[in-house]
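Chemist: This is the structure I want to talk about, given as structure tokens.
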Amino acid sequence: MATIKDVAKLAGVSISTISRVLNAPDKVTKEKRERVLRAIEQLKYHPNALARGLIHKKTKTLGILIPDISNYYYAEMFRGMEDAAQEFGHNIIICNTDKDKQRMISALRSMKEKQIDGFVFTSEPVYPDYYDIFNQLGLPVVLASTQSLEYAIPSVKIDDEQAGFDAGHYLIDCGHRRIAMISGPHLDPIAGMSRLQGFMRAMRTNGLDFDSARCVEYGDYRYDDGYTAMERLWSKNPELTAVFAASDEMALGAIYYLYRSGIRVPDEVSVLGLDNTRIASMSLPRLTTVAQPIYEIGYKAVRTLQEVLDGAGPSTLRTYLPHQIVVRDTVKKANGEIF
């Protein structure tokens, strides 16, 4: 393979001139620039990205840490990240942490060794020891679908508490009064507790006597969790007419339990999800859900990281993107009419 020294020798210029042609061509005279470009073409020279990164202190590479790459939610978010990265000329290294602290630390160290310019950390809370690790690395970081109120780290997400409130209010507005929720983990301060608190605020605001011990079950946002949580809810509350699940996967798991139990959705029980992943529109019946702008969260997170890398800093420290209810086929009014 040709080296930059080979190009310089053939073109009759210095190595620094080659570098300027590649990175700041306007600073080189037309005659020299054309000689260099002819030499590059003749030798089929390809600049070494890592070497260029060491010179300019940037490798145009970003790290992405995702807790569960098999989840539809993260696949869609990553698409937004990748499109933004392409727009700014970045490559991406992605790591599936599996919510394992040691695995995350190992991934971050590996990314640091690969000279990444910065990284996006998704969904998990930023615990104090995580923050210490971030500081030790000394790399720019942006949070996606999570946030930190304790630390000044830029973040992009929806208002999960308000999303939970809007979900509960929507079901009440449909005429339902015997409502339950399949929540995320109660120890999850980002989406679990926030969505549950918003949902319970909707119950209180509308004057409903809501017994959380009987009307709330928990899961880890997965399909199987929704199935078993719905089974527990139904054993305690066979009079339910509506259920809000804190993720689409759990909503679809709940629907499958109801289907296997001979309970019709939405004729007997309405089910509302949250996310609006692709599977929400593929299911039968199609899932009514509180839609997150998942692609936009990923895209905006990388754009925010670019602002930090450019030295301008984020225009907004904590960005909240709007959510909305997408009406399909799994929620009916209490009188039987599709809402």
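Chemist: Using bins 5 angstrom wide from zero, how does P(r) for segment 1-132 break down, in % of all Cα pairs?
Modeler: 2, 9, 16, 15, 14, 11, 9, 8, 8, 6, 3, 0
Chemist: Just want the answer: with Cβ charges of +1 for Lys and Arg and -1 for Asp and Glu, which residue in 283, 330, 13 is farthest toward the dipole's positive end in the chain?
Modeler: It is 13, whose Cα lies furthest towards the positive end.
Chemist: Under a GNM of the chain (C-alpha, springs under 10 Å), which listed residue has the highest mean-square fluctuation: 312, 107, 85?
Modeler: Sorting by GNM fluctuation, first place goes to 312.
Chemist: What ranking, highest mean first, results for peptides 278-284, 163-169 when packing means the other Cβ atoms within 10 Å averaged over each residue?
Modeler: 163-169, 278-284
Chemist: With the alpha-carbon atoms as the only input, what is the per residue convex hull volume for the chain in Å³? Don't skip to the answer; put the middle values down first.
Modeler: Numbers: hull volume 53.5 nm³, N = 339.
Dividing the Cα hull volume of the chain by its residues yields 158 Å³.
Chemist: Carbon and sulfur: what percent of segment 53-197's accessible surface (1.4 Å probe)?
Modeler: Values: 3050 of 6210 Å².
Of all accessible area on segment 53-197, carbon and sulfur atoms account for 49 percent.
Chemist: Beyond 25 Å between alpha-carbons counts as too far, so tell me which of 58/300; 236/333; 44/112 fall in that bin. Write down the numbers at each step before the final one.
Modeler: Numbers: 58/300 21 Å; 236/333 23 Å; 44/112 31 Å.
Violating the 25 Å Cα-Cα cut-off are 44/112.
Chemist: List every DSSP H helix in the chain whose Cα atoms extend 15 Å or more along the helix's own long axis and whose mean Kyte-Doolittle hydropathy is at least -1.0. Don't skip to the answer; put the middle values down first.
Modeler: Numbers: long enough: 30-43 (20 Å, -1.23); 72-87 (23 Å, -0.89); 101-113 (18 Å, -0.88); 160-173 (19 Å, -0.58); 192-205 (20 Å, -0.37); 223-236 (20 Å, -1.20); 248-260 (18 Å, 0.14); 294-309 (23 Å, 0.26).
Sorted by number, the helices that extend far enough and score high enough are 72-87, 101-113, 160-173, 192-205, 248-260, 294-309.
Chemist: Let me ask something else about it. Could you tell me the center-to-center distance, by alpha carbons, between segment 70-84 and segment 297-318 in angstrom?
Modeler: 17
Chemist: Once the mean 1/r over all distinct Cα pairs of segment 89-130 is inverted, what Kirkwood radius in angstroms do you read off? Don't skip to the answer; put the middle values down first.
Modeler: On the way: mean 1/r = 0.0886 Å⁻¹.
Radius from the Kirkwood sum: 11.3 Å.
Chemist: Specify the longest stretch of the chain that does not include any exposed loop site, a site being one of the GluC sites (Glu not before Pro) with a non-H, G, I, E, B DSSP assignment and at most 10 other Cβ atoms within 10 Å.
Modeler: Working: sites that count: 239, 337.
In the chain, the maximal stretch lacking such sites is 1-238.
Chemist: Which residue, 313, 273, 198, has the most motion in a Gaussian network model of the chain that connects Cα atoms within less than 10 Å?
Modeler: Of 313, 273, 198, the most mobile in the Gaussian network model is 313.
Chemist: Now for a separate question. Dipole of segment 261-339, Cα-centred, from +1 at each Lys and Arg C-beta and -1 at each Asp and Glu C-beta, to the nearest 20 debye? Write down the numbers at each step before the final one.
Modeler: Details: 9 positive and 8 negative charges, 15 e Å.
With Lys and Arg at +1 and Asp and Glu at -1, about 80 debye.
The values are calculated or read from the model by the stated rules, or taken from the named source; none is laboratory data. Treat the numbers as computed from the prediction; the structure is a model and nothing was measured. Methodologically, a virtual Cβ is constructed for each residue, glycine included, from the backbone with ideal geometry; neighbour enumeration extends over all protein chains shown. With ligands, DNA and RNA removed, areas are computed over all heavy atoms of the protein, side chains included. Shrake-Rupley method; radii C 1.70, N 1.55, O 1.52, S 1.80 Å.
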